[in-house]
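The values are calculated or read from the model by the stated rules, or taken from the named source; none is laboratory data. These numbers come from a predicted model, not from an experiment. Note that each Cβ is placed from the backbone with ideal geometry, even for glycine, and that neighbours are counted across all protein chains shown.
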C-alpha cells in the first residue's frame, strides 16, 4: 500500500528527515506536535499503520524514511536496530567476533557494550543483551558500515579481550580458546598491547598469554615481554570460572594460569543454536 501523510503527520516525518533523526520517542512527538499525550499516541499509531514509523518498544519508534520507497520497506538488520537502543555503545563479544570472522559459533543474542545497567530486550525476534562496561574501559571500537548505516563495532583486538574477559557472552571458555587461535595471525600487536595495558587487570593478560601459547601463536618478542610485565608476580588465576569448572588444575607458566578446564573442552564444538544473521552489504550471510 502506498504511504500517505496528513498535514500533522507530514510535519513529524519531514522534521525527522531534515534533522537526520532515526528514532523518535512519544515525548518528542508531543513536543513536535504541541499536543497531548493522547494525540501524540494517535499520530504515532497512524504513522506506524501507514509505514512511516516502526515501533521498537513502548514509546520508541524508528523512522522508515522516504528513500525506503512508496511502500516503506523497513530496516530489519539486527545491528542497525541495536545501534539506536542505547548511547554510548559498541557491539562486541560474540557479535563482534562473528563480524571479524573469529568464531563459527552461532549466537541467539546480539551483544551491546554500554556504560549503563540495562535489561535484555526482545525486538523483531532478536534478543539484545546489554553488557555494562566501566567508562575507563570504554575504548577499542570504531565506526563501520552495515547496509549503508554507521554502527560502532569493537576492533578485532578489543573483541578478543572482551571474549576472554566474559566468556559467557562469546560461547564459553572452549570457544574463547578457538577465537584466540583464529585471531592470532591477523592481530595488530601494538594495539593489543595498548588495550591490555589500559585494561589494568593482570588476569586478562594471563589468560591471553596462556591461549596464545596453547595455539602456538607467534608474537613479536618485545610484545611477549611487554605482556609478561603486565602480569603481577604473585597473581595466579583460574582459566575458567571456578563455579563451573572447580579450583583444581595444573599451573601453566610463565603466565601462572591454573588449568581447571579439561583439555577436551578447549577443542570441542558446542551445540549449534539459532543464529542471529548479520548480512553484509551484498546481502550475503
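A few remarks follow.
- Selected residue [at pLDDT 85 or above and within 29 Å of residue 79 (Cβ to Cβ)] from 34, 44: 44
- In the range 1-45, the residues that are in a loop (DSSP other than H, G, I, E, B) and either surrounded by 14 or more Cβ atoms within 10 Å (Cβ to Cβ) or without any contact (Cβ under 8 Å) to a residue 60 or more places away in the chain (or both): 3, 4, 5, 6, 20, 21, 22, 34, 35, 36
- Among the residues making up the range 112-151, those that are exposed (fewer than 15 other Cβ atoms within 10 Å of the Cβ) and in a helix (DSSP H, G or I) are 135, 136.
- Top-ranked residue in the range 11-31 [being more than 32 Å from the chain's Cα centre (by Cα) and modelled with pLDDT of 90 or more; ranked as nearest to residue 124 (Cα to Cα)]: 30
- Number of the condition not met by residue 67 [criteria: (1) surrounded by fewer than 16 Cβ atoms within 10 Å (Cβ to Cβ); (2) under 28 Å from the mean Cα position of the chain (by Cα); (3) modelled with pLDDT of 85 or more; (4) assigned to a helix (DSSP H, G or I)]: (3)
- Qualifying positions in the range 152-173 - in a loop (DSSP other than H, G, I, E, B) and touching a residue at least 60 places away in the same chain (Cβ under 8 Å): 166, 170, 171, 172
Residue-wise test of (1) in contact with a helix residue (DSSP H, G or I) (Cβ under 7 Å, 6 or more places away or on another chain); (2) within 30 Å of residue 259 (Cα to Cα).
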| site | (1), (2) |
| --- | --- |
| 78 | no, no |
| 105 | yes, yes |
| 126 | yes, no |
| 141 | yes, no |
| 159 | yes, yes |
| 163 | yes, yes |
| 173 | yes, yes |
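- If you go through the range 204-240 and keep only what is in contact with a strand residue (DSSP E or B) (Cβ under 7 Å, 6 or more places away or on another chain), surrounded by fewer than 21 Cβ atoms within 10 Å (Cβ to Cβ) and in a loop (DSSP other than H, G, I, E, B), you end up with just 236.
- Some residue of the range 92-110 being in a loop (DSSP other than H, G, I, E, B), in the same structural domain as residue 155 (by TED's automatic domain parsing), at pLDDT below 95 and touching a strand residue (DSSP E or B) at 6+ places or on another chain (Cβ under 9 Å): yes
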